Amino acid sequence: MVGLETNKVGRRYLQSHEVRKSMKSDLSRRDVLKSAAMGAAVLSVPHHLLGLAAIDPLKPIQAPVADELQFLSAGSTLLHGFMHAKIMQQIDLRFNPEDLDAMADMFRKRQGNFADGELWGKAVRAMVKAYRYQRDPQLKTDLQATVRAILATQTADGCISSFPYEKQPYNADLWCRKYVLLGLEDYYSFVDRDPKVFDAMTRLADYTLGQVGPVPKVRIVDTGWKFEGIESSSILEPMVKLYLITGFSRYLDFARYIVEVEGGCKRESIFEAALKKDVRDIGSNGNPAQSIAKTYEMTSCFEGLVEYFRATANSHWKDSDLDFYHSVSTTETTVAGAGGGLGDYNRGVAPNEQWNDSTRQQIHPVLSGIEGCTGPRWIGLCGQLLRLTADPEYVDKIECALENVVLGSIKPDGTRVDYHTQLNGTRNNKIGFSVPINGMGITCCVYNVAEALTYVPMFQVMNSAKGPVVNLFFDGETIAPLDNGKQVHLRVESDYPKSGSVKITVSPDASADFTLRIRIPEWSEKTILKVNNKTIKAIPKTYAAIHRIWSAGDVIHLELDMKCHVVHPPEGSTKEGERYFALKRGPVVLVRDLRLDGDVQTPVSLGRTLPNTVELTAVKETVSAQMEFLVSVKQGLPFHVIDFASAGATWDKASEYRTWILAT
């Protein structure tokens, strides 16, 4: 095979004099490696031929599509209370220098052990967001050290890989390279614009372009492990980002090859299929035993497609992303905010990690489902779409997944992440994939969950052309820039989501005329919003845009409607499933836990027909929980519920829990 034979060499030069000459003379942003027109079977391009080593790092180019919302600069938001504590717990546990060195060692040894090379890039991505939050000098020092370590593994041909040459670019090699690139890009963009990192990223990308592409190179859809190239095609995201960082159009050409030539999958274009099919049918060949609709990997591809739309301004790809999002929302998402893997529609490799009709199957799951990586990547996609469109619907989705499946997957002491977050049962289920790191098995989910938490301060308050945008209501404070060059300090005081009372004190440096947008959640049907005691109209599932001259000490009072909604069985549930209901108060799902009443199975009576809401009485927590309530019933004794994230906290049968509750 061409791929294996030339990989053994790993340093083959281009034979074309014309191409060689163009590479030597290219010191601009123009393309030097047209992926569809190279012709020669070249799997490695010596970096000095590209003329890049001597180029100073370039300023990022302006993407044709500008985001409606932007993240604030590092250190702009500091949270307090429960959410801050959960973030800090992960920061303290996850970024041990010895662990990071063990991850870098996988690239030194290149043993080719499945996907162990993904961990380094995942850890660095989460670590960079943690640094953006805390600006801790020790975090920066540790980041610099681990980046130096990974750069030291790069060979002269540009290769950074945990796989030996003879196994490249197959199995999980490209999947792991994707995470290396994402980690380096985040480090370069937000920690240290080190020319050595710029050089390493471009050399690794060019090495990859030399191996993978149209025949006679190795087609990207012929790589990966079991999913017909979907997993490898998720390298789309860092390739587009690298194009935006460098301006080198060969990376955009490679992204175009992934999206428009191969379509991200050998069976069919997943990006075109999303415009026509529900996600569970994407990539289907008609045989459920050979399904490849993998939740995590496919979502990663569509995260990359958002970046591709930004870079190309082709609305066709935005439509594909929106249709993918809509299908996941309506056919795969559970009451807890994420889903996948609960039904038996697809029975291919790892069916409990595939799109599997999970919305309708969530009451009586056939499989464990809701892989720990799925919630964080769903948050990642929704975050991309939020930035792109400024539609607060995506914040509703982010918040629900965060409060339930993400927080619920974390062991109370923070040391472990549940591989599959069940809606009914216990935590601490069977671990799927894990890598031994210094005596502990680290799953693929651990650093995705850490990243999801370190995203929270970035989502809390964002910026726009019109002014700051308040998305989340956790206790904390933010400093945001204004158009006049001044700043505004926003102090959010709340115990949200335990209650819906939120006070926001607005203090600009000097009185200033700007618009402050406040998210009104979809579930808050009757919101009270006041500025200095003057009522402002608040419509669910929108931003309340408050335009005025703001002065230091102006106060916003927000009373969110925290009534408890009774979630009825999804349409299409089984006849037996129609006897069940779930409870949701604000973004938080409330569940029964065996520790509360000694019983989670006995049916309860809410009336002859299920109501739309139910009365709750707040009670002092009898177990460690964010919140605990007593639920009123029509007959019999009331029962206790706690927040989903706190249920199952013993990680054994002593805290068996139920999200879907049986009604009489």
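Solvent-accessible area of the chain (1.4 angstrom probe, protein heavy atoms only): carbon and sulfur portion equals 50 percent. Remark: the Val215-Lys634 segment gains 143.9 nm on full extension, using 0.36 nm per residue and subtracting the alpha carbon distance. Here region 173-315 is assigned +1 on the Cβ of each Lys and Arg and -1 on the Cβ of each Asp and Glu. Its dipole about the Cα centre then comes out at about 200 debye.
Relative to the compact-globule scaling 2.2 N^0.38 Å, provide the ratio for the alpha-carbon radius of gyration of region 61-194. Working shown, then result.
On the way: Rg = 16.3 Å, N = 134, 2.2 N^0.38 = 14.1 Å.
Taking the Cα Rg and dividing by 2.2 N^0.38 Å, one obtains 1.15.
Applying a threshold of 27 Å to the alpha-carbon distances of Lys498/Lys634; Lys86/Lys226; Lys129/Lys241; Lys122/Lys620; Lys109/Lys294 flags Lys86/Lys226; Lys122/Lys620; Lys109/Lys294 as lying beyond it. Ignoring solvent entirely, what values of log10 I(q)/I(0) come out of the Debye formula for region 229-291 at 0.15, 0.21, 0.30 Å⁻¹ when each Cα is a single scatterer? Each listed q maps to, in turn, -0.50, -0.81, -1.21. Could you give log10 I(q)/I(0) at q = 0.05, 0.10 Å⁻¹ for the chain, computed by the Debye formula over C-alpha point scatterers of equal weight, without solvent? So the normalised log intensities are -0.23, -0.93. Scanning residues 5 or more positions from Thr333 or on other chains, those with amide H under 5 Å from its amide H are Thr359, with H placed 1.01 Å from N in the peptide plane.
Put simply, when 508-514, 239-245 are sorted by average Cβ atoms within 10 angstrom per residue, most first, you get 239-245, 508-514. 3J(HN,Hα) couplings calculated from phi for region 77-93 with the Karplus curve 6.51 cos²θ - 1.76 cosθ + 1.60 (θ = phi - 60°) are, in sequence order, 10, 10, 8, 10, x, 4, 5, 4, 4, 5, 5, 5, 4, 5, 4, 5, 8 Hz; Gly and Pro show x.
With charges set only on the Cβ (+1 for Lys and Arg, -1 for Asp and Glu), what does the dipole of the chain come to about its Cα centre, in debye to the nearest 20? Walk me through the numbers on the way to the answer.
Values: 76 positive and 79 negative charges, 139 e Å.
In total the dipole reaches around 660 debye.
Quick check for me: using +1 on Lys/Arg Cβ and -1 on Asp/Glu Cβ, what's the dipole size of region 463-548 about its Cα centre, in debye to the nearest 20? Mind showing how you got there, number by number?
Numbers: 13 positive and 9 negative charges, 69 e Å.
Result for region 463-548 is approximately 320 debye, rounded to the nearest 20.
Arranged from highest to lowest average of other beta-carbon atoms within 10 Å per residue, in what order do the peptides 459-472, 604-617 appear?
Values: 459-472: 21.6, 604-617: 13.6.
Sorting 459-472, 604-617 by mean packing, highest first, produces 459-472, 604-617.
Scattering from region 178-263 was approximated by placing one identical point on each alpha carbon and applying the Debye formula without solvent; log10 I(q)/I(0) at 0.10, 0.24 1/Å stands at -0.24, -1.19. Would you please classify the overall shape of region 134-290 from the alpha carbon gyration tensor, given that a ≥ b ≥ c denote the square roots of the eigenvalues, rounded means a/c under 1.5, and beyond that prolate means a/b larger than b/c while oblate covers the rest? Prolate, because a/c is 1.5 or more and a/b exceeds b/c. A straight Cα-to-Cα reach below 19 Å connects Lys140 with the aspartates and glutamates Asp92, Glu98, Asp99, Asp101, Glu185, Asp186, Asp192, Asp194, Glu451, residues fewer than 8 places away in its own chain not being considered.
Karplus-derived 3J(HN,Hα) values for region 196-206, using 6.51 cos²θ - 1.76 cosθ + 1.60 with θ = phi - 60°, are 5, 6, 4, 4, 5, 4, 5, 5, 5, 5, 5 Hz; glycine and proline are entered as x.
Expressed as a rounded percentage, what relative contact order does the chain have, with Cα pairs under 8 Å and six or more residues apart?
Details: 1471 pairs, mean separation 78.1, N = 664.
Normalised by residue count, the contact order of the chain is 12 percent.
Of the listed peptides 309-316, 571-578, 535-542, what is their order by residue-averaged count of other C-beta atoms within 10 Å, with the highest listed first?
Values: 309-316: 17.4, 571-578: 12.2, 535-542: 14.4.
By packing density, highest mean first, the sequence is 309-316, 535-542, 571-578.
All alpha carbon pair distances within region 352-430 were sorted into 5 Å bins beginning at 0; the resulting P(r) in whole percents reads 3, 15, 22, 23, 18, 12, 5, 1.
Over region 73-199, with the other protein chains present, what is the accessible area per residue in square angstrom, probe 1.4 angstrom?
Numbers: 4220 Å² over 127 residues.
That works out to 33 Å² per residue.
Accessible area per residue for region 367-476 is 22 Å², calculated with a 1.4 Å probe on protein heavy atoms, without ligands, DNA or RNA. For Asp475, the residues whose modelled amide H falls within less than 5 Å of its own, excluding neighbours fewer than 5 places apart on the same chain, are His80, Ser494, Tyr496.
According to the square roots a ≥ b ≥ c of the eigenvalues of the Cα gyration tensor, what is the shape class of region 278-406, taking rounded for a/c under 1.5, prolate for a/b larger than b/c otherwise, and oblate for the remainder? Oblate is the answer for region 278-406, as a/c is 1.5 or above yet b/c matches or exceeds a/b. Between Leu72 and Asn463, the built amide H atoms are under 5 Å apart, and every one of these is 5 or more places off in sequence or on another chain. For region 550-566, putting each phi into the Karplus relation 6.51 cos²θ - 1.76 cosθ + 1.60 with θ = phi - 60° gives couplings of 8, 10, 4, x, 4, 10, 9, 10, 10, 10, 7, 7, 9, 4, 8, 8, 8 Hz, in residue order, rounded to whole numbers and with x for Gly and Pro. Its relative contact order, with pairs defined as Cα atoms under 8 Å and 6+ residues apart, puts region 371-502 at 17 percent.
The values are calculated or read from the model by the stated rules, or taken from the named source; none is laboratory data. In this text, all values refer to a predicted model and were calculated from it rather than measured experimentally. All Cβ positions, glycine included, derive from the backbone under ideal geometry; neighbour counts span all protein chains shown. When the accessible area is computed, the model is the full protein with side chains, heavy atoms only, and any ligands, DNA or RNA have been set aside. Shrake-Rupley method; radii C 1.70, N 1.55, O 1.52, S 1.80 Å.
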